[in-house]
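Following: one structure in structure tokens, then a few remarks.
The values are calculated or read from the model by the stated rules, or taken from the named source; none is laboratory data. Keep in mind it's a predicted model, so treat the numbers as computed, not measured. Using ideal geometry, Cβ is built from the backbone for each residue, glycine included, and neighbour counts are taken over all protein chains shown. Remember, those area values only see protein heavy atoms, side chains included, never the ligands or the DNA or RNA. Shrake-Rupley method; radii C 1.70, N 1.55, O 1.52, S 1.80 Å.
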Amino acid sequence: MGKIEIKKNDEYIVDVIDNGFEGEGIAKINNFTIFIPGAIKGEKIKILIVKVLTSHAFGKIIEIIEESENRVQADCATFKRCGGCNLRHIKYEETLKMKQNAVQSLVNKTLKNKIRVEETIGMDNPYHYRNKAQYPVGLDKYGKPQIGVFANRTHEIIPIEKCFIQHPQSEKIAKEILDYWVENKNSIYDEKTNKGLLRHIVVKIGFKTNEIMCILVINGKKFPNEEDLVKFITNKFPCVKTIVKNVNMKNTNVILGNENINLYGDGYIYDKLGEFIFKISPLSFYQVNPVQAEKLYNIGVKQAKINKNDIVFDLYCGIGTISLFMSKYAKKVYGVEIVEQAVCDANENVKLNNIDNATFICGDTEVVLDDLINNKKIIPDVVMVDPPRRGLDVHSIDNILKIKPDRLVYISCNPATLVRDLAKFEDVYEVSKIQPVDMFPFTSHVECCAVMELKNSL
């Protein structure tokens with residue numbers, strides 16, 4: 001049989017042989033790979049080719065001929081367009097297996113030691129788990145103000161219907177604020193012209209404390225009737241402890257600007273994670289799913305086998321969440337973080353929790369690590385890293401390899417860079433465990449905790 005040339009707008013019937021990292025179905029036509037969003041491994045489907053590249057093509061489902069037993073009717077009206085939960089059409093238990101398999105496949109491709117990745121730790125109740133909601137505000141094509149979420153890969157706003165991953169209060173508060181804003185004829189930001197005031201409404205909620213922070217992102221320094229809006233929100237939602245005006249006048253995709261002005265309260269809320277209290281500010285990063293964050297941190301601390309003689313480095317420590325978890329078991333913890341506000345919050349969190357063996361340093365991890373090791377001659381027994389999606393920089397890896405701590409715990413939000421970095425440690429460290437945790441149910445994201453132990457020097 002001659003080679004089929006695959007062209008746009010052709011239709012084919014294919015068997016879905018696997019699912020990729022974003023949850024998309026994978027099929028082959030004469031050994032040519034086709035990616036099909038929304039398709040599930042094991043299904044036979046009729047597809048339309050929508051895009052052809054040199055190494056692969058993209059297809060769209062026209063008809064499902066044989067359906068997977070793992071397919072469910074999605075409970076959300078907007079999930080296909082929103083792109084926030086790209087696995088809502090798959091049974092929850094199966095999504096956990098998919099995440100484990102995705103990490104395992106990276107391990108098999110990259111690591112010498114083909115360690116078996118543990119089963120993904122899921123949530124008992126994988127709904128309404130997000131404690132932070134960021135709602136863009138804009139005008140629809142008829143010029144009518146609306147609030148919602150950006151459609152997948154675009155800046156078109158899809159109005160909120162009922163979101164199953166956000167805390168229900170976030171949605172109510174954001175809608176009420178917009179209604180009030182419109183009734184008072186205040187202007188809405190238009191990103192085409194960079195004019196208008198209200199850009200985003202951000203809501204942060206302390207799940208254990210029930211304290212709520214509202215952030216109004218404004219394209220300007222002030223807006224009309226500020227005090228009236230504060231009264232309106234606080235009367236309607238007594239759990240709102242602080243309202244912050246965030247100034248962002250740049251034409252940018254970054255949601256929050258650097259200037260925060262408190263309209264009500266002191267600009268903070270508190271939440272509890274494990275046995276610790278944390279102070280959360282508008283710009284500080286706090287884990288979005290506190291239920292799973294607690295599980296993840298407990299795994300990290302337990303696997304690190306920290307004892308009372310250990311010095312621990314916590315790199316990319318944020319507001320010190322995992323540093324505090326580790327301080328209970330260690331002799332001394334040094335947290336390193338580049339965001340100044342987060343370090344201020346971390347120092348506050350230490351005081352709040354009466355902890356005297358944790359120190360936080362503000363600066364670029366690469367530079368601070370260098371200084372701690374090479375100038376201050378502080379050598380850690382355990383290093384904990386929780387880097388951004390891009391993973392660790394080469395310099396930090398070199399520094400860690402130079403001092404060779406006994407144990408290395410790597411918390412990662414991106415399995416691709418995690419496994420890439422693990423490979424760089426493999427000659428010196430034994431990767432003893434990789435534990436995926438489902439931090440973002442029904443999305444393709446997976447958080448992992450990997451544990452490395454120094455190989456016995458012979």
Requested in this report: Within the stretch 311-342, track down each residue that is within 15 Å of THR365 (Cα to Cα), part of a helix (DSSP H, G or I) and open to solvent by 10 Å² or more (accessible area, probe 1.4 Å).
Outcome: GLU340
**Report entry** Out of ILE147, ILE158, ILE121, sole residue that is open to solvent by less than 30 Å² (accessible area, probe 1.4 Å) and either at pLDDT 90 or above or under 30 Å from VAL16 (Cβ atoms) (or both)
**Finding:** ILE158
Report summary line: Scanning the stretch 422-441 residue by residue, those open to solvent by less than 10 Å² (accessible area, probe 1.4 Å) and either of a type in the set (A, V, I, L, M, F, W, C) or farther than 23 Å from ARG390 by Cβ (or both) turn out to be LEU422, PHE425, VAL431, ILE434, VAL437, MET439, PRO441
Requested in this report: Could you check how many residues of the stretch 1-41 are outside any loop (DSSP other than H, G, I, E, B) and closer than 25 Å to PHE440 by Cα?
Outcome: 6
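Within the group SER105, SER55, which residue is among the hydroxyl-bearing types (Ser, Thr, Tyr) and free of Cβ contacts under 8 Å to residues at least 12 places away in the same chain?
Numbers: SER55 fails: free of Cβ contacts under 8 Å to residues at least 12 places away in the same chain.
Selected residue: SER105, the only one of SER105, SER55 that is among the hydroxyl-bearing types (Ser, Thr, Tyr) and free of Cβ contacts under 8 Å to residues at least 12 places away in the same chain.
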Query raised in the report: Across the stretch 168-200, which residue is farthest from the chain's Cα centre (by Cα) among those that are surrounded by 13 or more Cβ atoms within 10 Å (Cβ to Cβ) and part of a loop (DSSP other than H, G, I, E, B)?
Result: ASN184
Query raised in the report: Quick one: how many residues across the stretch 201-233 are assigned to a helix (DSSP H, G or I) and among the β-branched types (Val, Ile, Thr)?
Result: 2
**Report entry** Selection count, the stretch 380-417, where residues are of a type outside the set (Gly, Ala, Ser) and without any contact (Cβ under 8 Å) to a residue 40 or more places away in the chain
**Finding:** 16
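Please give the strands (runs of 3 or more DSSP E) falling wholly within the stretch 42-140 in which 1 or more residues are under 22 Å from the mean Cα position of the chain (by Cα).
132-139
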